[in-house]
1. Before we move on, is residue A:92 over 30 Å from residue B:71 (Cβ atoms) and facing chain B (nearest Cβ under 9 Å)?
2. Any chance you could count how many residues in region B:127-137 are more than 7 Å from chain A (Cβ to nearest Cβ) and assigned to a helix (DSSP H, G or I)?
3. When the residues of region B:45-82 are narrowed to those that are assigned to a helix (DSSP H, G or I) and touching a residue at least 12 places away in the same chain (Cβ under 8 Å), which ends up nearest to residue A:50 (Cα to Cα)?
4. Take the conditions surrounded by 16 or more Cβ atoms within 10 Å (Cβ to Cβ) and free of Cβ contacts under 8 Å to residues at least 12 places away in the same chain and apply them to residue A:129. Does it pass?
5. Residue by residue through region B:106-126, note down the ones that are in a loop (DSSP other than H, G, I, E, B) and surrounded by 21 or more Cβ atoms within 10 Å (Cβ to Cβ).
6. Quick one: residue B:118 ticks every box in (1) out of contact with any helix residue (DSSP H, G or I) (no Cβ under 9 Å at 6 or more places or on another chain); (2) over 30 Å from residue A:2 (Cβ atoms); (3) modelled with pLDDT of 85 or more except a single one, so which number is it?
7. Going through region B:88-105 one residue at a time, which ones are assigned to a loop (DSSP other than H, G, I, E, B) and buried (at least 20 other Cβ atoms within 10 Å of the Cβ)?
8. Looking at (1) more than 9 Å from chain B (Cβ to nearest Cβ); (2) at positive phi; (3) in contact with a helix residue (DSSP H, G or I) (Cβ under 8 Å, 6 or more places away or on another chain), which is the only condition residue A:140 fails?
């Protein structure tokens, strides 16, 4: 079954190159960017400025093809693709939780941006701890490695 | 810009009807289901069983059309669509964080399922608190209402 989506806006960030980027929002603390939502969707942004964080779903437009076994940025071993956040996926949907600074007209000013400049936006959802926060988690192969995400930067392996 | 994705599996749950469903995984504690991943993607499931939770991205296949202003299940007022989790969206992508019970061959047995039976799966990502957890959040219009999600059930408004 094939599913067709459409770009509803564009994510703006200081990152123009796939190399040397933060690999998660937690590695991009304070990095400022914005979301230019297409004017036809402006009405849907109402009430969004009351939320500290939003979940961005976007298309990894620079990632083509995929492998089901990958060596992630945070590991030296090969892992099953779906146990990683690698951008090259059967459906290359990216997910980032970013801080909302201000909503003005059809632009959302955001912080903690780990997304490539020019990335096509697919959806915005409010981040709600009651829905989205989990505690006491096992994190498999990332155990002891996830904290390295703060300093780790991307290389060209998924370009 | 148009983006084409493909179904990579099917989500199985006890929910056969859009009415009377939990509206978030937190309202579906203990509800069991499974994900039948297409056999061609089985290799990508390796290492997934080490994680307590996974993020499911899926297509709201029963939702057609959308309105940019909606009255959410948890409120009596009209809100901007992107400040809600309503299923009818410009790109109807659903997001649920569910508990992993077991991975066997190409089937993932899960718990806390708030998804309609037969829903097309788009992506699976590991849930990693270091990447995905945020504390001290303002939650706009959901303030004081988000806890009602445990008991709230859907009606036909987004059918």
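The values are calculated or read from the model by the stated rules, or taken from the named source; none is laboratory data. Note that the coordinates shown come from a computational prediction; the quantities given were computed from them, not determined experimentally. Don't worry about glycine lacking a Cβ; one is built from the backbone with ideal geometry, like all the others, and counts go over all protein chains shown.
1. Working: over 30 Å from residue B:71 (Cβ atoms): yes; facing chain B (nearest Cβ under 9 Å): yes.
Against the criterion (over 30 Å from residue B:71 (Cβ atoms) and facing chain B (nearest Cβ under 9 Å)), residue A:92 qualifies.
2. At the first step, the residues of region B:127-137 found to be more than 7 Å from chain A (Cβ to nearest Cβ) are B:135-136.
With the extra rule that they be assigned to a helix (DSSP H, G or I), the set shrinks to none.
Total satisfying the criteria: 0.
3. B:81
4. Working: surrounded by 16 or more Cβ atoms within 10 Å (Cβ to Cβ): yes; free of Cβ contacts under 8 Å to residues at least 12 places away in the same chain: yes.
Yes: the conditions hold for residue A:129.
5. Of the residues in region B:106-126, the ones in a loop (DSSP other than H, G, I, E, B) are B:106, B:112-118.
The answer is B:112, B:113, B:114, B:115, B:116.
6. Going through the list (1) out of contact with any helix residue (DSSP H, G or I) (no Cβ under 9 Å at 6 or more places or on another chain); (2) over 30 Å from residue A:2 (Cβ atoms); (3) modelled with pLDDT of 85 or more, residue B:118 breaks only (2).
7. Here is the first cut: in region B:88-105, the residues assigned to a loop (DSSP other than H, G, I, E, B) are B:88-92, B:105.
Once the filter is applied, which keeps residues that are assigned to a loop (DSSP other than H, G, I, E, B) and buried (at least 20 other Cβ atoms within 10 Å of the Cβ), region B:88-105 yields B:89, B:90, B:91, B:92.
8. (1)
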